[in-house]
Amino acid sequence: MGKFDQDIEALFETLVAIRRRLHQQPELGFDLPATIETITAVLQQHQIPYEIVAGSGILAQIGRTEGPAIMLRADLDALPIEEATNLPYKSAIENKMHGRLATS
């Protein structure tokens, strides 16, 4: 197993916990204060510089500032629908959930 794989393996439980916390507390549209707080707390913990963009976006840069780069993008807002699962981390907010649907 390479170093990258080992690093991911070491972070796996933490990443799953963060994802489940976000899934349980969905927020709609551009009103994402709890989501932003959760993500920026993780960035601060790891001393990753970031800035809030347009009120509800987060721009973080890891590593060098010159040369080739990889950009990752994620939708953070939820959908105004009821979650029909019995998962232990299902949405705790009525009529709001993070779905697996995406449109382009």
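Once the Cα atoms are used to define both axes, helix 33-45 deviates from the longest principal axis of the chain by about 30 degrees. Other residues with beta-carbon under 12 Å from the beta-carbon of Phe12 carry, at +1 per Lys or Arg and -1 per Asp or Glu, a net charge of -3. Whole-Hz Karplus values for the range 70-81 come out as 10, 10, 10, 10, 9, 7, 10, 7, 9, 10, x, 9 Hz, taken residue by residue from phi with 6.51 cos²θ - 1.76 cosθ + 1.60 and θ = phi - 60°; glycine and proline positions read x. Across all Cα atoms of the chain, the radius of gyration (one decimal) and Dmax (whole number) stand at 15.6, 46 Å. For the chain, the longest principal axis of the alpha carbon atoms and the long axis of helix 3-24 meet at an angle near 30°.
Since every read-out is calculated from the coordinates, none of them should be taken as a lab result. Note that the structure is predicted; figures quoted are calculated from it, not measured. Glycine also receives a Cβ, built like all others from the backbone with ideal geometry; neighbour counts cover every protein chain displayed.
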